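One structure is given below, encoded as C-alpha cells.
The values are calculated or read from the model by the stated rules, or taken from the named source; none is laboratory data. Worth saying up front: this structure is predicted, and the values here are computed from it rather than measured. Because the Cβ atoms are built from the backbone with ideal geometry, glycine has one as well, and the counts that use them run over all protein chains shown. When the accessible area is computed, the model is the full protein with side chains, heavy atoms only, and any ligands, DNA or RNA have been set aside. Shrake-Rupley method; radii C 1.70, N 1.55, O 1.52, S 1.80 Å.
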Amino acid sequence: PAILGDPRVRYDYADWTAVLASPTGGVVYADPKYGVTGPDGLEALRAEEIRFASQGATALEMPVLLALKMMELNIRPVFGMESRGAGRLAFERGEAGIDFQTSSAYLSSVLPLVETGKAVPLFAMGVVDAEGNVSRDPSFPDLPTFPEFFTEATGAAPEGEAYEAWKALMIAGYSLQKMVVLPKAAPEEVVAAYAEAARQIVEAPDFRERAGEEIGVYEQLVGTDADAALQAALTVDPAIRDFLTTWLSEDYS
C-alpha cells in the first residue's frame, strides 16, 4: 500500500531505520482435479475458470495475482478473506481451485495435503534480491521458481513491465516480510545496540533449531544490511508504479 501511494497509509518508511529484516517465500498449488503436475499442464489450466480466495487485490498475494495473469490463466479472485489461512480453508472445501501460502504456512498446513494427494504444488515464488535476480527458494529447492515455471510452460522467459513489476512486489513484500525498525531520530548508539542484539540472536548456534518452521532457512538481514534492503525495496520506478495502478484499476476496479 505504501509503494502504491494508498492515501490511507499514515506512516512513512523514511522515518524508520531497519535493524533486522526477515524474508519469506511461498508456494502456489492447485486442486489435483485439473490433472496438472507441472509446467506442461499450463494449457489445461488455461481452459478452466479457477477461483482464488484472496484477502484483496493489494494484499500479500498481489504478486501471485500478477504471476497468474502473466500466465494468462482465467482466475476469478474472491476478495475479502480475513487471512491466507481462510483462503486455504476455502481451497480445502473445494471452493477455490488454486491457492498460495507463505513458506511457514505451506510447510505446516499444505504439505500434509500434498502428501495425501489433495493438493499439487506448481511453483515456488522464488527469492528475489535487490538487483532483481531470482533464485530458488531454499525452503523448496526442488520446486521451480515462478520464472522457471513460466519459461518451461511457454517456451520464453518472462519479461517486460509486468515481470519488472512482479520483481518489485517480491522485493517489497517478501524479501522484507517482517522487520524490526527504530525511529530514524534514534541515537546512533541505540541503533547499534539493537543491531548487535539482533546479530547475536541470528548467529547463535541454536538459532536455526529454535527458528524452526516459523522463520525457516532464510538468511536474516541485520543492521546496515537490513536498512539498505529497506531503502532498495522502497525505490520503485515510477513507470512500474503506473503499471501496477493501471492493472489494478482495469482488472479489479
Probe 1.4 Å, protein heavy atoms only - accessible area per residue of segment 1-116 in square angstrom: 44
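If you roll a 1.4 Å probe over segment 63-114 with all protein chains in place, what percent of the accessible area is carbon or sulfur? Write down the numbers at each step before the final one.
On the way: 1000 of 2040 Å².
Carbon with sulfur: 49 percent of the solvent-accessible area.
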ALA157 and GLU203 label points (each 7 Å along its Cα→Cβ direction) are spaced in nm at 3.6
So how far, in whole Å, is the C-alpha centre of segment 102-136 from the one of segment 17-69? 10
What part of the accessible area of segment 1-50, given as a whole %, is carbon or sulfur when the probe is 1.4 angstrom? 47
For segment 144-253, which whole percent of the accessible surface, found with a 1.4 angstrom probe, sits on carbon and sulfur atoms? 53
Note down the net charge around LEU20, summing +1 for each Lys or Arg and -1 for each Asp or Glu among other residues with Cβ under 13 Å from its Cβ. -3
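Counting Lys and Arg as +1 and Asp and Glu as -1, each charge on the Cβ, what is the dipole of segment 203-253 about the Cα centre in debye, to the nearest 20?
Result for segment 203-253 is approximately 100 debye, rounded to the nearest 20.
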For a paramagnetic label modelled at 7 Å from the Cα of ASP6 toward its Cβ, which residues of segment 13-54 fall within the zone defined by backbone nitrogen distances under 15 Å? 13, 54
Could you work out the relative contact order of the chain, using alpha carbon pairs under 8 angstrom and six or more residues apart, expressed as a whole percent? 32
Which percent, to the nearest 5, of DSSP beta bridges fully inside the chain are antiparallel? 75
For segment 192-253 and segment 73-99, what is the separation of their C-alpha centers, rounded to whole Å? 26
If you plug each phi of segment 18-35 into the Karplus form 6.51 cos²θ - 1.76 cosθ + 1.60 with θ = phi - 60°, what whole-Hz ³J(HN,Hα) values come out, in order, with x for Gly and Pro? 7, 10, 8, 9, 10, x, 8, x, x, 10, 9, 9, 10, 5, x, 5, 7, x
Once a ≥ b ≥ c are taken as the square roots of the eigenvalues of the Cα gyration tensor of segment 58-180, is the result rounded (a/c under 1.5), prolate (a/b larger than b/c) or oblate (a/b not larger than b/c)? rounded
Given H placed on each backbone N at 1.01 Å, which residues far from VAL78 in sequence or on other chains put an amide H within less than 5 Å of it? PHE52, ALA53, SER54
Quick check for me: using +1 on Lys/Arg Cβ and -1 on Asp/Glu Cβ, what's the dipole size of segment 95-221 about its Cα centre, in debye to the nearest 20? 220
If the only charges are +1 at each Lys and Arg Cβ and -1 at each Asp and Glu Cβ, what is the size of the charge dipole of the chain around the Cα centre, to the nearest 20 debye? 660
Roughly speaking, what is the stretch gain from TYR13 to THR245, that is 0.36 nm per residue apart minus the C-alpha to C-alpha distance, in nm to one decimal? 81.5 nm
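By the gyration tensor of its Cα atoms, with a ≥ b ≥ c the square roots of the eigenvalues, what is the shape of segment 98-253: rounded for a/c under 1.5, prolate for a/b over b/c, or oblate?
Details: a/c = 2.24, a/b = 1.23, b/c = 1.83.
Cα axes put segment 98-253 in the oblate bin.
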Ignoring ligands and nucleic acids, what accessible area does VAL78 show with a 1.4 Å probe (Å², nearest 10)? 60
For segment 111-121, Karplus couplings with θ = phi - 60° (6.51, -1.76, 1.60), whole Hz, Gly/Pro x: 3, x, 5, 5, 5, 9, x, 9, 8, 10, x
May I ask you to give the solvent-accessible area per residue for segment 166-253, in square angstrom, as obtained with a 1.4 angstrom probe? 59
Angle between the Cα long axis of helix 160-173 and the longest principal axis of the chain, 0 to 90 degrees, nearest 10? 50
Could you calculate the contour length gain from SER253 to ARG46, that is, 0.36 nm times the residue separation minus the distance between their Cα atoms, to one decimal place in nm? 72.2 nm
Keeping all protein chains in the complex and leaving out DNA, RNA and ligands, what accessible area do you get for LYS184 with a 1.4 Å probe, in Å² to the nearest 10? 90
